[in-house]
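First up is the structure itself, then whatever we jot down about it.
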Amino acid sequence: MPLLWISVAFLAGIVAGDRLDASRWLWICLAGAFLLLALFDSRLIEKFNLWGKARKALPVSIGVILLFFCLGGLRIAWTQIPTWHPDDLAYYNNQGDYIITGWVVAAPDRREDLTYYQVEAIEITDPSNPDWTHATLRISGRMRVSLDATAPWEYGDLLRFTANPQLPSEDGDFSYRQYLAGMNIHTVVYHPQGVERVGSGYGSPITAALIHFRQKARETIFATFPQPESGLLSGILLGMDNDLPDALAQDYRDTGVAHIIAISGFNMAILAGLFLRLFTRQIGPYWAALLTAVLLVFYSLFVEASASVWRALIMAVMGAGGHLIGRRQHGANALCFTAAAMCLVKPLLLWDVSFQLSFAATFGLVVFAQPLQDWLQGLLEKRVSEKTAAGLTGPLSDYFLFTLAAQVATLPVIAWHFGRVSLSSILANPIVLPLQPALLISGGLTVLAGMLHPLAGKVLMVFSWPLMKFTNSAVTLLAKIKGGAMSIHPSMAVWILIAVILFLLVFLFRAQIRKYFKIGKLLWLVVILLAGCFTVISIYFNRPDGNLQLHLARCGDQSTLFLRSPGGKVVILDPRGDINELAAALEKNLSPWDYAVDAVMLTGRSGAQELSELAERIEIKTVILAPAVYRQESGGSELVVPEGIEVLKMLPGQAVEIEPGLRLAIAGEDLNGTALLLEYGTTRVLFPNGVDYALIKEDSPESILGVTALALGEEDISYIPIRVWRQINPGLILWREVEISPFVESLGADTRMEVILESDGEKTWLAE
């Protein structure tokens, strides 16, 4: 098991290096010291009897383990400290407009509204800077360019455009910068001007042929099959998981079978099995294994495979190689070595969600698959014959037990990143997965036939289309099961991880544990202790503190206001901007016991779309509509509120009491929106929401008296000067738009980050 230990040490070093942010030289010095320790380990043990017992328990020396740990730290340190020079594209990030020339290095990523290009820069020109010695500089560096959906450029095209190269953002819980750095991209360009093709034929002819063939296959799929079946086959065969309609794609995620609409280890296993069966009888096992490995590599290049596919491919090649040389590979060894090898090339992969999910699922299968299968077969043999038990064990394991093993292992990752766990996957996978080998094979043959002649594809479609139709229909039906997908608090992810680790330890060491404990009693003890700790800590950290908190959360270029009442209720006022960032801000304030927003207040129709998106992430109990909202319904389209949410319509002049002593009242309204006044003791916060100051003063003159804080957005100062709002004499102004200076006329808090206004009913202050 030496490979396992040094691989784990290397991966742990990458994590430690990322968290510690130590210098390269420190890691180099430590690696040198531990190298000496590894070389003289045996002498130290003999002379001083150091770590003698530990050394006997480990397959490699402690010095070797620590050496690879330091090498992991050095690898990530080397990655995270890029030094940009004038011949690097990233050197010119956020410095203004340049004329850039570069060629398209990958197939365009075409979406419904945009097309993303990966462009390798060749030249850059600053037309406005006379100090440049030369008009054009040779540079290198890759950028991600956003263009219109109709952009015609393809792989190998040489493009020239004017743009402002920018550093990728790091807003919210998701680091776009780190995500792109994993693809060696350190620059983004949004909607460049004057794009023109000035050349073609760059890049590899083989890559160009593969991309062309892939695009031709996609066109054949959509010409042969209707939507959404065409989108499903495009994902299964080509890895283009953006072709499915958004609603259906969400159903696949909610039912836990999204792995079939993207190229994954499951798809590769089907192809590997097919190739081995086809070639073994013809050319023998040795050449069959070699040819299968070559074809899988070719297919991975063809579909521009993700980390999960390369993981499956490397493990398959290692397994085939071990088989050919007569040495069986241990699953955990192969898995950890594969992860370490991939992170050696791209260390930032370790934070890629698909990478984490792929390895977690495979780890679950490696650890639990065979023991669960043996347990099931033993259980069946007690009730049926040995032959019948053996025949039932395979299918039941493949579609029930193995799914459960993979789901348990991936549960902490899913809970941490998505805050949503699929419970219906236990039912969905056994229904959907058995059809996938037949669907993959028949669909692939149909596409190949269609590329030769459209009529041939239409003829073979009768065999593959019913399978696709059944898959989509089953997923859609299962997604409607209430409670099939459960939203959970991110804080629970840690406890889920602890539970999985405890379960793993108990499962792996069950034989040793039986010597001292009855396994059933021990499991119950673990469950009780875990539940008790979780309960106590959750109650402590999520208890209401008796104060009103008004949060101004940054959501992209806009912001959303939401409040947490003294009793712990959460109410959102007109959701705006990036919903993912809003959900991340809300998650910190929602209780794990009641993971839901109590109410969303809509003062205008602008927040309707955001409401629907937010309801997909977090449960919403009630939607409160101001009069201006439902009055607009009579003259236009009806506001669509997601099913299951209670709708409350405010009457003119009516106030909503959130809880005793805390209320939201209408301060004025017009055709555009509704002004609100939040009252809690002596604290009074006014939200104009685009309503004219004069209207507020006329309709509700008491609303502008003794205002503690004033929340202003761009719509409030477009036609009304700041000096007019100053007449209210608020103690504080909260600027809702980041583009607006936060300190206009010496009023305001810096809202470039989250701002929390807190009140106990008598005093009001900005929370740190």
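The values are calculated or read from the model by the stated rules, or taken from the named source; none is laboratory data. Fair warning: this is a prediction, and the values are worked out from it, not measured in the lab. Reconstructed Cβ throughout: ideal geometry from the backbone, glycine too, with neighbour counts over all protein chains shown.
Going residue by residue through the stretch 168-183, is there one that turns out to be at pLDDT 85 or above and within 21 Å of the chain's Cα centre (by Cα)?
Keep residues of the stretch 168-183 that are at pLDDT 85 or above, which gives 168.
Next, only the ones that are within 21 Å of the chain's Cα centre (by Cα) stay: 168.
Yes, because at least one residue in the stretch 168-183 is at pLDDT 85 or above and within 21 Å of the chain's Cα centre (by Cα).
If a residue has to be surrounded by 20 or more Cβ atoms within 10 Å (Cβ to Cβ), farther than 13 Å from L614 by Cα and of a type outside the set (S, T, Y) to count, how many in the stretch 553-570 make the cut?
9
Out of everything in the stretch 68-112 that is part of a loop (DSSP other than H, G, I, E, B) and within 24 Å of the chain's Cα centre (by Cα), what residue ends up being surrounded by the fewest Cβ atoms within 10 Å (Cβ to Cβ)?
E112
Please go through the stretch 372-392 and pick out each residue that is closer than 17 Å to T403 by Cβ, among the hydrophobic types (A, V, I, L, M, F, W, C) and either in contact (Cβ under 8 Å) with a residue 12 or more places away in the chain or touching a Pro at 6+ places or on another chain (Cβ under 8 Å) (or both). Step through it out loud before you land on a result.
Within the stretch 372-392, the subset closer than 17 Å to T403 by Cβ is 372-373, 375-376, 392.
Okay, now just the ones that are also among the hydrophobic types (A, V, I, L, M, F, W, C), so 372, 375-376, 392.
Once the filter is applied, which keeps residues that are closer than 17 Å to T403 by Cβ, among the hydrophobic types (A, V, I, L, M, F, W, C) and either in contact (Cβ under 8 Å) with a residue 12 or more places away in the chain or touching a Pro at 6+ places or on another chain (Cβ under 8 Å) (or both), the stretch 372-392 yields L372, L376, L392.
Taking only the stretch 702-756 into account, find how many residues are at pLDDT 70 or above, in a loop (DSSP other than H, G, I, E, B) and within 21 Å of E679 (Cα to Cα).
11
Suppose we filter the stretch 239-264 for residues that are in a helix (DSSP H, G or I) and over 18 Å from A438 (Cβ atoms); how many remain?
10
Conditions (1) within 30 Å of C343 (Cβ to Cβ); (2) modelled with pLDDT of 85 or more; (3) in a loop (DSSP other than H, G, I, E, B); (4) not assigned by TED's automatic domain parsing to the domain that holds Y176, marked per residue:
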residue: I124; (1), (2), (3), (4): no, yes, no, no
residue: T133; (1), (2), (3), (4): no, no, yes, no
residue: V145; (1), (2), (3), (4): yes, yes, no, no
residue: Y155; (1), (2), (3), (4): yes, yes, yes, no
residue: R160; (1), (2), (3), (4): no, yes, no, no
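Restricting to the stretch 181-216, what's the tally of residues that are out of contact with any helix residue (DSSP H, G or I) (no Cβ under 8 Å at 6 or more places or on another chain) and not in a helix (DSSP H, G or I)?
Residues flagged as out of contact with any helix residue (DSSP H, G or I) (no Cβ under 8 Å at 6 or more places or on another chain) and not in a helix (DSSP H, G or I) within the stretch 181-216 amount to 19.
Evaluate the following for Y179: is it hydroxyl-bearing (S, T, Y) and within 20 Å of E304 (Cα to Cα)?
yes
Quick grid of which residues meet (1) within 28 Å of R253 (Cα to Cα); (2) crowded, with 18+ Cβ neighbours inside 10 Å:
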| residue | (1), (2) |
| --- | --- |
| R383 | no, no |
| K387 | no, no |
| G391 | no, no |
| L404 | yes, no |
| A409 | yes, yes |
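Among the listed residues E170, E229, identify the single one that is touching a residue at least 24 places away in the same chain (Cβ under 8 Å), of a type in the set (D, E), within 27 Å of A258 (Cβ to Cβ) and in contact with a helix residue (DSSP H, G or I) (Cβ under 7 Å, 6 or more places away or on another chain).
None of the others qualify; the one that does is E229.
So which residues in the stretch 702-727 are surrounded by fewer than 18 Cβ atoms within 10 Å (Cβ to Cβ) and either under 21 Å from T764 (Cβ atoms) or of a type in the set (A, V, I, L, M) (or both), if there are any at all?
E702, L705, G706, I717, I720, I722, V724, R726, Q727
Would you check if G653 is surrounded by fewer than 19 Cβ atoms within 10 Å (Cβ to Cβ), at pLDDT below 85 and more than 37 Å from the chain's Cα centre (by Cα)? Step through it out loud before you land on a result.
Details: surrounded by fewer than 19 Cβ atoms within 10 Å (Cβ to Cβ): yes; at pLDDT below 85: yes; more than 37 Å from the chain's Cα centre (by Cα): yes.
Spelling it out, G653 is indeed surrounded by fewer than 19 Cβ atoms within 10 Å (Cβ to Cβ), at pLDDT below 85 and more than 37 Å from the chain's Cα centre (by Cα).
Which one of these is outside any helix (DSSP H, G or I), assigned by TED's automatic domain parsing to the domain that holds L757, closer than 19 Å to I756 by Cβ and in contact with a strand residue (DSSP E or B) (Cβ under 8 Å, 6 or more places away or on another chain): V685, V656, V647, V691?
From the options V685, V656, V647, V691, the qualifying one is V685.
Against the definition (closer than 16 Å to L448 by Cα and either surrounded by 14 or more Cβ atoms within 10 Å (Cβ to Cβ) or not assigned by TED's automatic domain parsing to the domain that holds H453 (or both)), how does T255 come out, yes or no?
It is false that T255 is closer than 16 Å to L448 by Cα and either surrounded by 14 or more Cβ atoms within 10 Å (Cβ to Cβ) or not assigned by TED's automatic domain parsing to the domain that holds H453 (or both).
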